[in-house]
Structure formats: structure tokens, C-alpha cells
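What follows is a single structure, written as C-alpha cells, with notes after it.
Coordinate-derived values only; no laboratory data. A quick note: this is a predicted structure, and the numbers were derived from the prediction, not measured. Ideal geometry is used to build each Cβ from the backbone, glycine not excepted, and the neighbour counts take in all protein chains shown.
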């Protein structure tokens with residue numbers, strides 16, 4: 001199967017084309033080449049597909065391409081890159097990837113939401129940029145950072161979540177309380193008093 005034939009199939013029968021991708025898992029070298037080729041395609045849908053395909057790579061080769069795709073001019077490509085980075089978090093580059101994903105919290109709301117979901121999957125490695133995000137002037141960034149911190153529920157985020165209870169945004173305060181509840185069910189209220 002070559003890339004041109006697959007692209008034609010993809011334009012005519014997207015579901016059939018996706019089914020063909022399972023064969024690519026058997027040849028990571030071809031898959032990596034396809035990802036690189038598709039990421040250079042002028043069609044944003046092809047670049048988004050490249051992000052999706054990168055998840056199938058058995059190693060970290062796709063990460064650099066995905067980090068570049070986070071900067072793509074098209075929001076659907078940025079969202080696909082964020083999703084792919086969160087689909088299989090890899091420890092080796094986690095702090096750098098978490099920082100890049102945090103930068104996307106200022107993006108269009110739906111792209112930012114996908115980035116926040118991906119960040120939550122990085123757990124402890126995402127704490128520092130997320131805690132920093134709680135101090136951002138943009139409320140969307142603070143809301144999404146608080147939500148991701150609540151999902152991670154790390155004791156290291158306790159001081160930041162406690163401080164976030166004073167945020168002017170109701171949603172930041174809500175997610176701070178959710179995070180504190182996850183850390184200390186029914187106990188954190190007594191800590192504040």
C-alpha cells in the first residue's frame with residue numbers, strides 16, 4: 001500500500017481507508033514516513049490524519065512532529081496534535097510536552113479543551129506548567145489548568161488549589177474545590193477554617 005493510493009481511498013471511502021491503516025502497524029518505518037509526508041501536506045485534514053497516525057508509532061519518533069503540529073495554523077490540526085500527545089503519554093519528554101500543551105490553553109476553546117485533557121494524562125509531569133497556568137491573566141487558561149489539576153489530584157498541587165479558591169472565576173474556584181475534594185474527601189473544608 002502506498003501513500004498516494006491510500007489518499008485516494010481516504011477521499012473516496014474514509015472508513016475503508018482507516019481500516020487499511022491496521023496493516024501499517026506492522027511496518028513502523030513506512031508509518032513514520034507517512035506521518036512526515038502527511039504533516040507537510042497543504043490539506044489540513046491530511047495533517048490532522050498524520051497526528052492520528054503518529055499514535056500508532058511504537059516509539060517516540062512522532063513526538064517532534066506532533067510538537068510542530070501544535071503550532072499549525074489550522075485549529076483542527078492543533079487539536080489533533082494535542083489529542084495524539086495525550087493518547088500515549090511518554091515519560092521521556094513529558095515536561096517539554098506538558099509545557100507545549102499548556103501553551104495551547106490560550107487557543108480556541110475547543111482546541112484548548114483537548115490540550116487540557118491531554119495534559120491531565122501526563123499527571124505529575126504536567127503539574128508545574130498547570131500550576132503556573134492558574135496565575136495566567138486569561139480566565140480560560142486558569143479554568144482549564146484548574147480542571148486538569150483537579151483530574152490529576154496530586155498532593156503537590158494542594159497550595160495552588162487552595163489559592164485558586166480565591167480566583168475571580170467561578171469555574172476556577174469550582175475546579176479547585178473538585179481537586180481538593182479528590183485529594184481530601186470531605187476533609188479540606190476543615191483545613192480552610
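Annotations for the structure displayed:
- A simple spin-label model places the labels of residue 91 and residue 165 3.4 nm from each other, with each point 7 Å out along Cα-to-Cβ.
- The chain - convex hull of alpha carbons, volume per residue in Å³: 119 Å³
- Each stretch of four or more DSSP H residues adds -39500 (n - 2.57); spread over every residue of the chain, this sum gives -21000 deg cm²/dmol at 222 nm.
- The relative contact order of the stretch 98-193, computed from alpha carbon pairs under 8 Å that lie at least 6 residues apart in sequence, is 22 percent.
- For the stretch 1-51, the square roots of the Cα gyration tensor eigenvalues, ordered a ≥ b ≥ c, give a/c of at least 1.5 with a/b no greater than b/c, which places it in the oblate category.
- Computed across the stretch 54-149, the Kirkwood radius stands at 12.8 Å (inverse of mean 1/r, all Cα pairs).
- Calculated SAXS-style log₁₀ I(q)/I(0) at q = 0.13, 0.21 Å⁻¹ - the stretch 106-182, Debye, Cα scatterers: -0.29, -0.79
- Cα-based helix-to-principal-axis angle, 139-152 vs the chain, degrees rounded to 10: 90 degrees
- With the gyration tensor restricted to C-alpha atoms of the stretch 1-105, the semi-axes of the equivalent ellipsoid amount to 23, 16, 10 Å, longest first.
- Between 123, 16, 133, the Gaussian network model of the chain with springs among Cα atoms under 10 angstrom shows the greatest mean-square fluctuation at 16.
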